[in-house]
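The structure under discussion appears below in the form of structure tokens.
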């Protein structure tokens, strides 16, 4: 099985620019990418459609983490997944780091909230993406009760095409 | 000296990038056969080859790689194309589909770029729609010969790069309702248009140049939308006026919410074998093919 995450250059640029904005108190910003999915021969393509930033007021004050979002942000993301029948990918950025990876805190939090999306949109895979200024890396869940899988290729579709391979 | 030394200016990673790339070529006649040959010379490693037809006598004026012996044996065009590739690439990844591209969608999804070398406007529009739905860059080439009367003919053609979000074949009015209706009135037959070898070569070479610009670091900032006109009488390739006018236009014919398969259900998805992992900390290595940079490892 091969899993690819494809996103256009312009959408990725929009996301990076939004995540770079300073928040009144949170150290970093997060958002959600909506995506369609296609499959063939046991392989999967996650195809990014749109970006939903988390509103300023939906962050919680928590100095122990870079950003903590509240239940209202999660509720809006869940609502989007249900009404639009889309895959949801949590996204944040590690900025100038060249090859981004999830931190221990990222992994712990993902394991808590990503499976919730299968309660209301079980027909779609869901996951999380971490960006740097020049790269992308992600995890995907194919079911709420299963383990995560590393996305094999993240592809920025533009001129030029950029491909980050992890298998 | 190695085989690719003389194209090393394409970038330090260009050889591995091209080897790792998979290009889908739909239509393996006069245009597509040129494209296949050149991509194989460049060292592209993966090909999805789609054409339902076998070579006929009338193809031999332009089908690169086809021989009179192939005509005798009614060799499929995908077989001729694959033979070309295997003569130039040691262990290529070739997926020949001697059928309609509609029956090759699984293989075409795996392509980094699709190139359409089709006569029919219906087929071109549908293939572009498929490419948009899967966020795959699409390059369209086509040529025509116009009878100007008084034994005068004009050879023309075009090369269009259609990237997701940027102008499409409908935006630039290459595909129009009138053209589709006209074709439908002929029951989908695009007609037996006049074709000759050298204009196809020019169009195919230009398309291959766009592929290399998209994949390798030799060209710093390639255009996101390309529409080039070929004038075979003057032997020129020039930007169509729409290339400048439309370069900042956003396509309305293929909205982002149409991306993906609307009927996809992960609960019915049967993955091929791969072990899901649980991670305490995440430190997998990443091989990176980011244009302009060397392959990197996780730090």
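The values are calculated or read from the model by the stated rules, or taken from the named source; none is laboratory data. Everything numeric here is computed off the predicted structure, so don't read it as measured data. Virtual Cβ from ideal backbone geometry, glycine too; neighbours counted across all protein chains shown.
A few notes on this one:
- Residue selected from the range B:92-104 under the condition surrounded by 19 or more Cβ atoms within 10 Å (Cβ to Cβ) and over 13 Å from residue B:23 (Cβ atoms), by the criterion nearest to the chain's Cα centre (by Cα): B:101
- Of all residues in the range B:154-170 being more than 15 Å from the chain's Cα centre (by Cα) and not in a loop (DSSP other than H, G, I, E, B), the one that is farthest from the other protein chains (Cβ to nearest Cβ): B:154
- Members of the range B:208-226 that are outside any loop (DSSP other than H, G, I, E, B) and either modelled with pLDDT under 95 or within 14 Å of another protein chain (Cβ to nearest Cβ) (or both): B:209, B:210, B:211, B:212, B:213, B:214, B:215, B:226
- If the condition is being surrounded by fewer than 19 Cβ atoms within 10 Å (Cβ to Cβ) and not in a helix (DSSP H, G or I), then the range B:77-91 contributes B:87, B:88, B:90, B:91.
- Residue in the range B:257-271 that is nearest to the other protein chains (Cβ to nearest Cβ), counting only those that are touching a residue at least 24 places away in the same chain (Cβ under 8 Å) and buried (at least 18 other Cβ atoms within 10 Å of the Cβ): B:260
- Selection count, the range A:22-56, where residues are in contact with a helix residue (DSSP H, G or I) (Cβ under 9 Å, 6 or more places away or on another chain) and either without any contact (Cβ under 8 Å) to a residue 12 or more places away in the chain or assigned to a strand (DSSP E or B) (or both): 21
- Selection of strands (runs of 3 or more DSSP E) fully inside the range A:98-167 by the criterion of at least 1 residues being over 12 Å from the mean Cα position of the chain (by Cα) and either facing chain B (nearest Cβ under 8 Å) or farther than 25 Å from residue B:261 by Cα (or both) returns A:153-157, A:162-165.
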